[in-house]
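Engineer: Take this structure first; my questions come after.
We did not get these values from a lab; they are worked out from the coordinates using the rules stated. Note that the structure is a prediction, hence the values are computed from the model and not measured. Methodologically, a virtual Cβ is constructed for each residue, glycine included, from the backbone with ideal geometry; neighbour enumeration extends over all protein chains shown.
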Amino acid sequence: MWRLRSDGYTFVELLIVVTLLFVLASAVLPLAQVTSQRQREVELRRNLRELRTAIDKFKDAVDLGQIATTEISPGSEGYPNDLETLVEGVPAANDASGRKLKYLRRIPDDPMTRSSEWGLRSYQDRPNSTSWGGQNVFDVYSRSNGTALDGTKYGDW
């Protein structure tokens, strides 16, 4: 007589298991992509906050007379000329030691464009301007044309 052995799996059982694994993997992949995008968005918000805080501290130092007036460009409204000024620093007012006031250790990268190039706005520019007037740095924004998970444009943050 014929005896059937049940030592292994049948082809149908293996096919069902592979199909289930494929369905689970296809559900996890978009979740991983959303998680990665969310992390980059958190980093973008943090970097924008860091840059804007440094610009505000520079402006406050100018208003309080902590930065020598010879270091302030006419028409700059007390804002830095560029982002590099925040890194390199400016001489403190009434300080013969040559001490410099620095506001950033480095210019952070834009995680959406993976570049240290940011969109800049001067005090004289329109609030939604995408071209920099060059007089000073009043605001920064991402140059990315992408859309965030909440539906807003990264450049509008």
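Engineer: Hey, got the Cα dimensions of the chain along the principal axes, in Å, largest first?
Structural biologist: For the chain, the Cα spread along each principal axis is 106, 37, 19 Å.
Engineer: Once the dipole of the chain is set up with Lys and Arg at +1 and Asp and Glu at -1 on Cβ about the Cα centre, which of S116, I55, S131 lies farthest towards its positive end?
Structural biologist: Towards the positive end, the residue furthest out is S116.
Engineer: Compute the helix-to-body angle for 11-63: its Cα long axis versus the longest principal axis of the chain, expressed 0 to 90° and rounded to tens.
Structural biologist: Helix 11-63 sits roughly 10 degrees off the main axis of the chain.
Engineer: Give the cross-link partners of K59 among the lysines, using a straight C-alpha distance below 21 Å as the criterion and excluding same-chain residues fewer than 8 apart.
Structural biologist: K100, K102
Engineer: Rounded to whole Hz and in sequence order, give me ³J(HN,Hα) for segment 126-132 from the Karplus expression 6.51 cos²θ - 1.76 cosθ + 1.60, θ = phi - 60°, writing x for Gly and Pro.
Structural biologist: After applying 6.51 cos²θ - 1.76 cosθ + 1.60, I find 6, x, 9, 5, 10, 10, 8 Hz.
Engineer: Now for a different question. Sorted by average packing, counted as other Cβ atoms within 10 angstrom per residue and highest first, what order do 132-141, 24-33, 81-90 take? It would help to have the intermediate numbers written out before the result.
Structural biologist: Details: 132-141: 19.4, 24-33: 9.4, 81-90: 17.3.
The packing order, highest mean first, is 132-141, 81-90, 24-33.
Engineer: Same structure again: Excluding the sites themselves, what is the longest stretch of the chain that contains no trypsin sites (Lys or Arg not before Pro) in a DSSP loop with at most 10 other C-beta atoms within 10 Å?
Structural biologist: On the way: sites that count: R3, R5, R99, R105, R106, R114.
Longest stretch, sites excluded: 6-98.
Engineer: What spacing in nm lies between the two simple spin-label points modelled at L21 and A68, each 7 Å away from Cα in the Cβ direction?
Structural biologist: Result for the modelled spin labels: 7.0 nm.
Engineer: Dipole magnitude of the chain about its Cα centre, charges +1 at Lys/Arg Cβ and -1 at Asp/Glu Cβ only, in debye to the nearest 20?
Structural biologist: Numbers: 20 positive and 21 negative charges, 110 e Å.
It works out to roughly 520 debye.
Engineer: Then there is this: Going Cα to Cα from K153, which aspartates and glutamates come in below 13 Å? Please leave out same-chain ones fewer than 8 positions away.
Structural biologist: Hits, sequence-local ones excluded: E41.
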